[in-house]
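Here's the structure we're looking at; comments come further down.
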Amino acid sequence: QVQLVESGGGSVQAGDSLRLSCAASGDTHRTACMGWFRQYPGMEREGVATIYIPSRATFAADSVEGRFTVSHDNAANTLYLQMNNLRPEDTAMYYCAALRRSYRSGQDCAQMRAADFGVWGQGTQVTVSS
């Protein structure tokens with residue numbers, strides 16, 4: 001089993017930056033795609049950014065394009081999300097996730113569908129004040 005643990009969330013002001021980390025452990029060698037999702041109270045989880053590990057291709061939601069950057073350190077089995085120019089609308093619980101092993105293509109990774117991701121971290125809260 002794969003286990004994911006997020007860290008790095010906090011309370012900041014608009015315009016500030018944060019970097020989230022997601023440490024992976026367990027049987028991770030066949031994981032082709034990892035990503036970040038966020039969830040507002042009472043809402044469904046939505047995709048933020050994903051990375052297709054074999055090619056290192058990255059994908060980002062329109063709402064964060066140009067501000068957030070996802071990366072992955074293979075040796076450390078750690079996923080990162082660099083968040084710059086944060087806005088109050090970015091306030092949410094952020095989750096790290098791994099794509100189900102039956103989904104292997106970069107196209108699946110790019111879709112950022114929560115239902116396609118089978119392993120989730122516990123979440124880390126990001127709060128941005130104006």
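The values are calculated or read from the model by the stated rules, or taken from the named source; none is laboratory data. Every value quoted in this text rests on a predicted model; they were computed, and no experiment measured them. Methodologically, a virtual Cβ is constructed for each residue, glycine included, from the backbone with ideal geometry; neighbour enumeration extends over all protein chains shown. Note: areas computed on protein heavy atoms with side chains; ligands, DNA, RNA excluded. Shrake-Rupley method; radii C 1.70, N 1.55, O 1.52, S 1.80 Å.
Taken as Cα centroids, segment 15-36 and segment 85-130 sit 9 Å apart, rounded to the nearest whole angstrom. Just to confirm a number: summing +1 for Lys and Arg and -1 for Asp and Glu over residues other than Met112 whose beta-carbon lies under 15 angstrom from that of Met112, what do you get? Net of charged neighbours comes to -2. Largest first, the extents of the alpha carbon coordinates of the chain on the three principal axes equal 41, 28, 25 Å.
Only Cα pairs under 8 Å and 6+ residues apart enter the sum, and on that basis the relative contact order of the chain stands at 36 percent. For Asp90, the shell of other residues with beta-carbons less than 14 Å away shows a net charge of -1, using +1 for Lys and Arg and -1 for Asp and Glu. Using the Cβ-Cβ distance between Asp62 and Ala23 with R0 set to 25 Å, the FRET efficiency works out to roughly 0.30. Computed with a 1.4 Å probe over protein heavy atoms only, the accessible area of Asp62 comes to about 150 Å². Rolling a 1.4 Å probe across all protein chains gives Ser130 an accessible area of roughly 130 Å². Given +1 at the Cβ of Lys and Arg, -1 at the Cβ of Asp and Glu and no other charges, the dipole of the chain around its Cα centre is 300 debye to the nearest 20. Sites listed here are trypsin sites (Lys or Arg not before Pro) in segment 51-112 whose DSSP assignment is loop and whose Cβ has at most 12 other Cβ atoms within 10 Å: Arg56. Using the 1.4 Å probe convention, the accessible area of segment 37-130 works out to 51 Å² per residue with neighbouring protein chains retained. Only helices enter this figure: runs of n ≥ 4 DSSP H residues, each worth -39500 (n - 2.57), summed and divided by the residues of the chain, yield -1000 deg cm²/dmol at 222 nm to the nearest 500. Remark: the Cα gyration tensor places segment 23-77 in the oblate category, a/c being 1.5 or greater and a/b not exceeding b/c. Positive end of the dipole of the chain (Cβ unit charges, origin at the Cα centre): among Val128, Phe68, Gln3, the Cα lying farthest that way belongs to Gln3.
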